[in-house]
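I have placed the structure first, in the form of structure tokens, so that the comments after it can refer back to it.
The values are calculated or read from the model by the stated rules, or taken from the named source; none is laboratory data. All values reported here derive from a predicted model rather than from experimental measurement. Glycine gets a Cβ as well: all are built from the backbone with ideal geometry, and neighbour counts include every protein chain shown. We work out accessible area using only protein heavy atoms, side chains counted, and drop any ligands, DNA or RNA first. Shrake-Rupley method; radii C 1.70, N 1.55, O 1.52, S 1.80 Å.
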Amino acid sequence: MRIDVVSIFPGYLDALDLSLVGKARRDGLLDLRVHDLRDWTGDRHRTVDDTPFGGGAGMVMRPDVWGRALDDVLEGASGRQVLLVPTPSGERLTQRTVEDLATYDQLVLACGRYEGIDARVAERYAAGGVEVREISLGDYVLNGGEVAALVVVEAVARLLPGVVGNPESLVEESHGAAGLLEYPVYTKPPTWAGLDVPEILLSGHHGNIARWRRDRALERTVQRRPDMVAALPAAQLDKNDRAVLARHGWFVPAGATGPVRVDVRPGRPDDAGALAELAAVTFPLACPPHLDEDDVAQFVATHLGPEHFAAYLADEERYRVVVAEGPDAPVGYTLLVLPLTSDEPPSADDVAALVTARPAAELSKCYVLPDLQGSGLAGALLTATLRTAAAHRVDGEPVAAVWLGTNRANRRAQRSYARHGFVTLGTRRFRVGESLEEDLVMAVELADVPQTTPTPAATR
Ligand code: JD8
């Protein structure tokens with residue numbers, strides 16, 4: 001590949017004589033030519049700039065000087081060439097851009113200074129059939145294009161065959177094909193400044209080490225670059241990946257291209273309307289098929305309308321609502337019914353006989369939209385809800401247990417509840433409209449529920 005850099009400060013690019021790029025030039029893997037723009041001036045003062053038309057501060061670089069320089073540099077080069085003009089107003093340079101530029105035969109970098117280059121330069125070459133790309137390093141202002149030229153040359157050169165010793169090392173990099181930030185790296189000594197290298201890296205177990213590294217890369221990306229998480233292809237996320245993302249509030253809906261951020265939070269009064277809409281969709285879906293639609297609709301109208309949610313959200317002594325807020329609307333929710341006294345029995349006698357712990361709260365509703373079932377969201381909602389119950393005090397006593405009724409046929413729900421410590425205590429009769437259903441009664445003692453998300457052993 002040939003790269004030409006034109007600048008009034010050619011010495012700025014001397015750093016490219018060093019390190020891998022310098023070696024690539026000496027090994028003939030890269031033909032890098034740095035040119036002084038003033039070589040194409042014609043006057044005694046080697047003038048490259050003049051005052052801006054329309055007034056204003058500073059100076060603008062003359063088009064005629066740039067034209068002579070770029071004509072010479074672009075001429076005679078064979079193959080695919082592109083004229084790159086660094087500017088704060090350019091398209092953001094990314095690893096995808098760099099990977100594309102690495103496929104060209106010639107890159108020409110026009111490094112401006114002052115207030116920039118006369119706009120007709122880019123216009124004229126584009127009109128003349130030369131591919132022109134205005135690029136920016138990022139949303140901050142530099143004094144010229146040379147730094148961008150250094151970045152482009154190094155970022156492109158290291159992708160050229162033979163430049164980086166072990167091409168393998170290009171694979172797991174930040175912004176690489178995986179779309180993740182890189183994992184933390186360590187070397188000798190195993191203990192430094194009282195800090196140990198993570199044990200797993202000394203284990204020699206390559207599978208565990210690879211998993212640990214991927215988990216750390218996912219965590220870093222979630223913490224530092226949520227925009228990159230949203231862009232992760234769902235097809236590249238395995239079960240473990242999805243579990244790590246779920247622990248950080250990112251879930252992959254069925255059929256979605258990638259993860260979505262879901263914020264699990266306490267309900268607010270203004271959630272009433274949206275929660276009623278969500279309940280009207282989710283409650284029927286959890287009902288067994290034999291249930292009469294009218295009965296289901298009557299139940300929804302009687303218990304899950306906006307006025308009902310407004311009441312639940314307004315009375316925190318009796319009710320607690322936890323909402324899973326998706327990008328545009330709630331995608332899940334739970335409704336806890338709290339005891340008003342420490343010895344208040346569950347509302348139904350058949351349940352009160354089964355759930356003997358006191359104070360006991362009822363997990364009355366726990367629903368997520370179908371495309372998020374199996375994504376880990378129900379689990380996150382349950383964890384937050386059990387924590388809410390555990391933090392509640394009735395007559396100074398912490399809530400000791402949470403019970404729920406779930407339709408005998410709803411195996412998926414029962415498995416999810418069991419994963420959170422719920423055990424089946426028996427059954428109860430549950431009325432939906434005119435139909436009397438049989439529910440399983442499950443309960444969990446909150447003393448057994450860890451109050452903090454267990455930190456996976458591997459991170460220590
Ligand atoms: C080229 C002249 C300076 C810019 C007046 C300050 C890139 N990410 C980036 N930030 N800044 C640049 C950049 C700045 C340049 C030139 C690139 C040529 N300047 C100008 C406009 C405001 N001065 C850049 N890539």
If amide H atoms are modeled at 1.01 Å from N in the peptide plane, then the residues at a separation of 5 or more from residue 394, or on another chain, having amide H under 5 Å from its own are 399
With the other protein chains left in place, how much accessible area per residue, in square angstrom, belongs to the stretch 262-448 at a 1.4 angstrom probe? 45
In order over the stretch 58-74: 3J(HN,Hα) from phi, Karplus 6.51/-1.76/1.60, θ = phi - 60°, whole Hz, x for each Gly or Pro, gives x, 10, 10, 7, 5, x, 5, 5, 4, x, 5, 5, 5, 4, 5, 6, 7
What is the extension gain from residue 172 to residue 225, computed as 0.36 nm multiplied by their sequence separation minus the C-alpha to C-alpha distance, in nm to one decimal? 17.4 nm
Carbon and sulfur atoms: what percent of the 1.4 Å accessible area of the chain do they account for? 54
Could you tell me how many degrees, from 0 to 90 and to the nearest 10, lie between the Cα long axis of helix 146-157 and the main elongation axis, the longest principal axis, of the Cα atoms of the chain? 70
Pseudo-spin-label distance residue 38 to residue 411, built 7 Å along Cα→Cβ, given in nm, is 8.1
Give the shape of the chain as rounded, prolate or oblate, defined through the alpha-carbon gyration tensor: a ≥ b ≥ c are the square roots of its eigenvalues, a/c under 1.5 means rounded, and otherwise the shape is prolate if a/b is larger than b/c and oblate if not. prolate
When we measure straight from the Cα of residue 23, which aspartates and glutamates land under 16 angstrom away, once same-chain ones fewer than 8 places off are left out? 14, 31, 154
Have a look at 235, 248, 204 and report the one farthest towards the positive end of the charge dipole of the stretch 191-251, computed about the Cα centre with Cβ charges (Lys/Arg +1, Asp/Glu -1). 235
Only Lys, Arg (+1) and Asp, Glu (-1) charged, at Cβ; the chain dipole about Cα centre in debye: 1300
R0 = 41 Å: FRET efficiency of residue 18 with residue 371, Cβ-based, nearest 0.05? 0.20
Quick check: with the 1.4 Å probe, what order do 356, 103, 427 take by accessible area, largest first? 356, 103, 427
Charge dipole magnitude, Cβ of K and R +1, D and E -1 - the stretch 262-448, Cα centre, debye nearest 20: 700
Kindly express, to the nearest 10 degrees and within the range 0 to 90, the angle between helix 377-390's C-alpha long axis and the longest C-alpha principal axis of the chain. 60
Starting from the amide H of residue 33, placed 1.01 Å from N in the peptide plane, find each other amide H under 5 Å away whose residue is 5 or more places distant or on another chain. 3, 4, 5
Put 111, 287 in order of accessible area, largest first, probe 1.4 Å, and you get 287, 111
Could you sort 415, 428 by accessible area so the largest value comes first, with the probe set to 1.4 Å? 415, 428
Work out the length of the dipole vector of the stretch 1-72 about its Cα centre, built from +1 on the beta-carbon of each Lys and Arg and -1 on the beta-carbon of each Asp and Glu, and round it to the nearest 20 debye. 160
If R₀ is 60 angstrom, what is the calculated FRET efficiency for the pair residue 123 and residue 447, using the beta carbon separation as r and rounding to 0.05? 0.25
What FRET efficiency would be calculated for the residue pair residue 307, residue 206, taking the C-beta separation as r and a Förster radius of 45 Å, to the nearest 0.05? 0.15
Virtual spin-label span in nm between residue 192 and residue 99, 7 Å along Cα→Cβ: 3.1
When the charge dipole of the chain is computed with +1 on Lys and Arg Cβ and -1 on Asp and Glu Cβ about the Cα centre, the Cα farthest towards its positive end, among 87, 284, 303, belongs to 87
Per-residue ³J(HN,Hα) for the stretch 129-141, Karplus 6.51 cos²θ - 1.76 cosθ + 1.60, θ = phi - 60°, Hz, x for Gly and Pro: x, 7, 6, 10, 10, 8, 10, 10, 6, x, 7, 8, 9
DSSP loop GluC sites (Glu not before Pro) in the stretch 282-316 with at most 16 other Cβ atoms within 10 Å of their Cβ, which ones? 316
Longest DSSP-loop-exposure-free segment, chymotrypsin sites (Phe, Trp or Tyr not before Pro), the chain, at most 14 other Cβ within 10 Å: 187-460
Ignoring ligands and nucleic acids, residue 23 exposes an accessible area, probe 1.4 Å, in Å² to the nearest 10, of 110
Any idea which of 18, 430, 129 is furthest toward the positive side of the dipole for the chain, if Lys and Arg beta-carbons carry +1 and Asp and Glu beta-carbons -1? 18
What distance in nm separates the simple spin-label points at residue 277 and residue 164, each placed 7 Å from Cα in the Cβ direction? 4.6
Rounded to the nearest 10 degrees, the helix 272-286 long axis (Cα) sits at an angle to the longest Cα principal axis of the chain of 70
Expected vector for the stretch 302-308, Karplus 3J(HN,Hα) from phi with 6.51, -1.76, 1.60 and θ = phi - 60°, integer Hz, x for Gly and Pro, equals 8, 10, 10, x, x, 5, 6
Are there trypsin sites (Lys or Arg not before Pro) in the stretch 75-161 that DSSP puts in a loop and that have at most 13 other Cβ atoms within 10 Å, and which ones? 80
Rounded to the nearest 500, what is the 222 nm mean residue ellipticity of the chain from helices alone, with -39500 (n - 2.57) per DSSP H run of 4+ residues and division by all residues? -9000 deg cm²/dmol
If amide H atoms are modeled at 1.01 Å from N in the peptide plane, then the residues at a separation of 5 or more from residue 117, or on another chain, having amide H under 5 Å from its own are 61
